[in-house]
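Below is one structure; the comments refer to it alone.
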Amino acid sequence: MRRLTYICIVLLIAATSFAQSPTELWARANQAYSEARYDEAVADYSAIIDAAPVITRAYAPVYYNLGNAHFKQGELSQAILAYERCLRLRPTDKNARYNLQFARTQIIDNIADTQVFFLREWITTLRNMLPMSVWMWSSIILFCLMLVCLLLFAFSRSIGWRKAGFYISIICLLCSAVAFANAASLHHRDSIRAEAIITRGIVNAKASPDRSGTELFTLHEGTKVTIHEVLGGYANIEVGNYNGWIPVNTLERI
Amino acid sequence: MKRRFYIFLAVCLFPLLGVGILRAEDVQFRAQAPAQVIVGRPFQFTYTVNQRAKDLRAPEFTNFDYIAGPYTSQSSSTSFVNGRRTSSFQMTFTYTLMAQKEGTFSIAPATITINGEQYTSNGVKITVLPEDQPATNSQQSAANNQQPTVSSQRQSTGPEQGNIFVRTLVSKTKVYEQEAVLLSYKVYVAGVDLKQFTNNTTLPDFTSFLQQKIDLQDVQLQLENYNGRNYQTATIYSTLLYPQKSGDIQIDPASFEAVLLVPNQARSRSIFDDFFNSYTTATRTLRAPGTTIHVTPLPSGKPASYAGGVGKFTMDAKLSGTDVKANEAITLTLTIRGAGNMKLLKTPAVDWPEGFEQYDPKVTNNFKTSTGGMSGTRTIEYLAIPRAAGEYILPPVQFGYFDTEKGQYQVLSTPEYTLHIARGAGDQSAVAQPAGVSYVNKEDIRELGSDIRYISAANFVPANDNEVMRMQFGSWQMGALYGGPLVIALGLFIIFRKRIRENADIIGVRKRQANSVARKRLKTAKKLLAEPQHKEQFFEEIERASLQYLSDRLSIPTADLNKDTITSTLRGKAIDDALIERTNRVLSDAAFARYAPAMGVKPEELYAQTEQLINDLEDCKL
């Protein structure tokens, strides 16, 4: 009998917590945030994300607000993670960009970026401007446009139309290829999830993936690193010009 | 004569009357008794009154044995100082009483009649100490261990034994950091004549304390029962200590040098010795034991507004006004009242709104140091001058301190003030500038702080993207979206390949279009035909039309186009000679007409011929 009561209670609690629709949770979390109850806000925002069947672009504001709540609690690495995730969903979000930059000013590590060829930097910036799906659809649409122009070129009697069709189709093909390349690059990034944020306050990178490895350098919470491979609980990471092995549990992939 | 007498009487009586009135005003009727008495020892209890009085009605002396009294005595004195006469009179009623048991008892006020009026004295509170206990040896030795005892030379057991020592008294042994501790040294004397203390005093150095010495006013001897014995006691040194660090702080022993009067030990005892005891002075070093104070550190969780205060405080705030003009001063006066480490309080910060010029606060202290600690008020005046009109909010000023009674931090706060600043002389806000005066101080936007941007409050709808939008990169759908159109296009290319081939054949196209191009030119030529002044252009158009047509139709590049190539090409296509002849004639006529107008070629004729030629050539299979 007592057992039954317990089960009933558990079910009741579960029911009340599941009964919250994402919209209600969102309103409640925003309320909690405005009243500086950041831990409750974090819990509610996280609940929205946990309950989501698929994370779509619509969830970008949730990550953004979650990042803010984490930041207010002083959890820098979690805040940076949330902002990064928000920007993955909506790279054009100015506020998230600003707050990420602001949060980055608070982290300890000052990573001097490796000198990247300016063109490569431009390309990366261009790539990150739009989400993968937009690039993919642009590529498809441009490809179709290219075919239409090609048909125009092939079938038009008018020299003017033929010329226009010919050049436009070439431009469309190039743009489509660029869009495809960007989409592919983003897809690759999102599928391997190589970028990660250090979540532990301080972590020493070692020369080999074991405890006895020579310690090479120290990283602090909130720093963004690139994971190259994972081997027996250690991840080979690269940050700036440094490369070393750190325990996997000190990282969280974006 | 009679009148004179009255004047005399008045002059004589006036001073008396005046004095009488004066005296009636300040009757002092007081009961006096020692603060402490010992059980079984008689003491004197007196009433004094400064006027001639009668009918003293003393209360019942419960708890006290009445032994004798009242003995009445009078005394009066008159003195002239600088010609002014002052006289005093005192009547004293003395009772001899004896306490029955120990405790604290009060004696009710007495009444007395002066000039027919009744006066009431004050009540008196008397602490009755127990009798001296005959000290047993064990007790004595314990006392010796604890307190350095100086015994008089005459060694005898019992209460008569001379004893003098100094005790170290601490108001609290367990305090918080910054909480005041009263440390005092008290001398206990029994059976010894203490004359004075020399300056040869060694006090511990109160490092890790902030020290605040208390000035002892006239030292009064008090009776105190200590370890079963009654002593005359007096506080000889008293100081307030504010611990500056936490932990067990050791206070070293202190030493005092006392001068005692010691009766001379006559070598030969004579009968006079008892009457004329001669004394010599002897110095004794009295050591006060050290002590330890346990200082608890202040708990964590200091409020942001913590100003270093430990104790108990209240705060009042007064704002000079909430409605002022720009460039007129506003004063916020904070009065912090309380007891604690007043001296160490930091001035709370006032967060004046932007646009207020602020000045250093003026601090006025009014502290009093007593055995209870330091208390008093600290008044802080903040002066600020608003420079621009508008409505501003002065946020509450907070003052955090540690409450030693509650053992937790408290934050006092002033109310929030809304300031209405009206425009005043020389207001900085641009609106206040009179029209025509267009000088405005330009300022860059001042950054006051930085923070993350606020959360997104837009409505959140967890929209599920439709299946198509959620297409995976590299999925078959994606391939289909590329492949489908491609296949369709290829199909179209294959189906209409003939047309493509035709389109690709530029010469064929030209051939096909030669007629329409030539006709267009002929049309222009016809227009020009109507305007005789454009004759030259007409011929040019005719020549061009025929040449262009031949070039396109016969696929001869314009550069190679001449009579010979045209003739040979036409021959090669098996065109009859008459048509070739006509062709050549039209070309030459057009050239002649153009370059040699004198030859008299008729434009209408030429136009008709050209049109006819193109029509004929079009019919030929070329």
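The values are calculated or read from the model by the stated rules, or taken from the named source; none is laboratory data. All values derive from a computational prediction rather than experimental measurement. Here the Cβ positions follow ideal geometry from the backbone for every residue, glycine too, while neighbour counts run over all protein chains shown.
The figures follow:
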quantity	calculated
Answer from B:Lys362, B:Lys346 - the residue that is under 16 Å from the mean Cα position of the chain (by Cα) and not small (Gly, Ala, Ser)	B:Lys346
Residues of segment A:160-170 classified as within 13 Å of chain B (Cβ to nearest Cβ) and either surrounded by 15 or more Cβ atoms within 10 Å (Cβ to Cβ) or outside any helix (DSSP H, G or I) (or both), total	4
Wholly enclosed strands (runs of 3 or more DSSP E) of segment B:84-133 bearing at least 3 residues in contact with a Gly (Cβ under 9 Å, 6 or more places away or on another chain) and within 15 Å of B:Leu56 (Cβ to Cβ)	B:84-99
Output for segment B:472-502, where each listed residue is under 21 Å from A:Ile159 (Cβ atoms) and in a helix (DSSP H, G or I)	B:Leu492, B:Phe493, B:Arg497, B:Lys498, B:Arg499, B:Ile500, B:Arg501, B:Glu502
Strands (runs of 3 or more DSSP E) enclosed by segment A:191-254 - at least 2 residues per element that are surrounded by fewer than 17 Cβ atoms within 10 Å (Cβ to Cβ)	A:202-206, A:215-220, A:224-231, A:242-247, A:251-253
Residue check for A:Arg157: among the charged types (D, E, K, R) and part of a helix (DSSP H, G or I)	no
Verdict on B:Ala435 being loosely packed, with under 13 Cβ neighbours inside 10 Å, of a type outside the set (Asp, Glu) and either at pLDDT below 85 or assigned by TED's automatic domain parsing to the domain that holds B:Ala339 (or both)	yes
Counted residues, segment B:299-314 - those being assigned to a loop (DSSP other than H, G, I, E, B) and surrounded by fewer than 18 Cβ atoms within 10 Å (Cβ to Cβ)	6
Residue that is more than 14 Å from chain A (Cβ to nearest Cβ), more than 30 Å from A:Ser21 (Cβ to Cβ) and at pLDDT 75 or above, where the choices are B:Arg521, B:Arg501	B:Arg521
Test: B:Ile542 is buried (at least 17 other Cβ atoms within 10 Å of the Cβ), aliphatic (A, V, I, L, M) and outside any loop (DSSP other than H, G, I, E, B)	yes
B:Glu443 acidic (Asp, Glu), at pLDDT below 75, in a loop (DSSP other than H, G, I, E, B) and exposed (fewer than 10 other Cβ atoms within 10 Å of the Cβ)	yes
Qualifying residue in segment A:177-196 (condition: charged (D, E, K, R) and within 14 Å of chain B (Cβ to nearest Cβ))	yes
Residues that are over 19 Å from B:Ser413 (Cα atoms) and surrounded by 13 or more Cβ atoms within 10 Å (Cβ to Cβ), drawn from segment B:345-361	B:Gly355, B:Phe356, B:Gln358
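To keep it simple, each residue is scored yes or no on (1) assigned to a helix (DSSP H, G or I); (2) more than 29 Å from A:Ser158 (Cα to Cα).
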site	(1), (2)
B:Leu522	yes, no
B:Phe538	yes, no
B:Tyr549	yes, no
B:Ala593	yes, yes
B:Val601	no, yes
B:Leu606	yes, yes
B:Glu618	yes, no
